[in-house]
Amino acid sequence: MKTNDRGNLIQMRNNNYKIELDMEELFPIDWYKNVTNAANYVLSNMDIPDEKVDDVVLHIIDYNINKQLNNKLLNSVIDGLPQFLSFVDVPATSVFNELKTILDACDVCPSFKRHELYFQVSDMKYDKKRLSFWKKLIKKDYPNLKIASREIKSQQCIKLVISKK
């Protein structure tokens, strides 16, 4: 994790994507109040030995920080996904790896519904076959995602629609 010039945490993904976490948005005042109330509730309603109080409080705080970060990261993972990929002058393996990164993000994000992706093609017939083959691979690796494609001849591209089943 890194911080930007405003002190916000930045989670880096692959070198191509990043997620900015605004600390005030991530941990609002109400969040602090809820965590404090949870710790106070546990301390007043459970018989915890004095030597374990610090450990219990730290565990409650740690749990809530991790929960908040995971929720924010999982729900932000699809923000800023690319909408365009190109087969023109780019190795197919690079395009496939980029597609796989996009699919990984769509697959893990609980709030994901749909993403449209356009592929600029150099040879419509060949690239259409390649994407058809990739779609078959995708079905095996991502059973929760539905992939549909259609060619847009006027723009020399293929539109790929990724959605949750």
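Computed values, structure above
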| quantity | calculated |
| --- | --- |
| Test result for LEU103, under 17 Å from GLN83 (Cα atoms) and not polar (S, T, N, Q) | yes |
| Residue that is nearest to ARG150 (Cα to Cα), among those in segment 87-131 that are of a type in the set (Gly, Ala, Ser) and assigned to a helix (DSSP H, G or I) | ALA92 |
| Failed condition for VAL77, given (1) among the hydrophobic types (A, V, I, L, M, F, W, C); (2) exposed (fewer than 11 other Cβ atoms within 10 Å of the Cβ); (3) within 17 Å of TYR142 (Cα to Cα) | (2) |
| Flag if SER149 is assigned to a strand (DSSP E or B), under 19 Å from SER86 (Cβ atoms), small (Gly, Ala, Ser) and over 21 Å from the mean Cα position of the chain (by Cα) | yes |
| Unique match (being modelled with pLDDT under 90, loosely packed, with under 12 Cβ neighbours inside 10 Å and of a type in the set (A, V, I, L, M, F, W, C)) among MET23, MET1 | MET1 |
| Residue that is in contact with a helix residue (DSSP H, G or I) (Cβ under 7 Å, 6 or more places away or on another chain) and within 30 Å of LYS159 (Cα to Cα), where the choices are PHE87, PHE27 | PHE87 |
| Qualifying position, being of a type in the set (Asp, Glu), at pLDDT 90 or above and either under 25 Å from LYS165 (Cβ atoms) or out of contact with any strand residue (DSSP E or B) (no Cβ under 8 Å at 6 or more places or on another chain) (or both), among ASP79, ASP141 | ASP141 |
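Per-residue answers, yes or no, for (1) at pLDDT 90 or above; (2) closer than 30 Å to ARG114 by Cα; (3) aliphatic (A, V, I, L, M); (4) part of a loop (DSSP other than H, G, I, E, B):
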position	(1), (2), (3), (4)
ILE19	no, yes, yes, no
ALA38	yes, no, yes, no
SER44	yes, no, no, no
ASN70	no, yes, no, no
LEU73	no, yes, yes, no
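To keep it simple, each residue is scored yes or no on (1) assigned by TED's automatic domain parsing to the domain that holds GLU25; (2) surrounded by 12 or more Cβ atoms within 10 Å (Cβ to Cβ); (3) at negative phi; (4) under 20 Å from the mean Cα position of the chain (by Cα).
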position: ASP104; (1), (2), (3), (4): no, yes, yes, yes
position: CYS109; (1), (2), (3), (4): no, yes, yes, yes
position: PHE119; (1), (2), (3), (4): no, yes, yes, no
position: SER122; (1), (2), (3), (4): no, yes, yes, no
position: LYS129; (1), (2), (3), (4): no, no, yes, no
position: TRP134; (1), (2), (3), (4): no, yes, yes, no
position: ASP141; (1), (2), (3), (4): no, no, yes, yes
position: SER154; (1), (2), (3), (4): no, no, yes, no
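The values are calculated or read from the model by the stated rules, or taken from the named source; none is laboratory data. Bear in mind the structure is a predicted one, so any value in this text is a computation, not a measurement. Please note: Cβ atoms are built from the backbone with ideal geometry, for glycine as well, and neighbour counts cover all protein chains shown.
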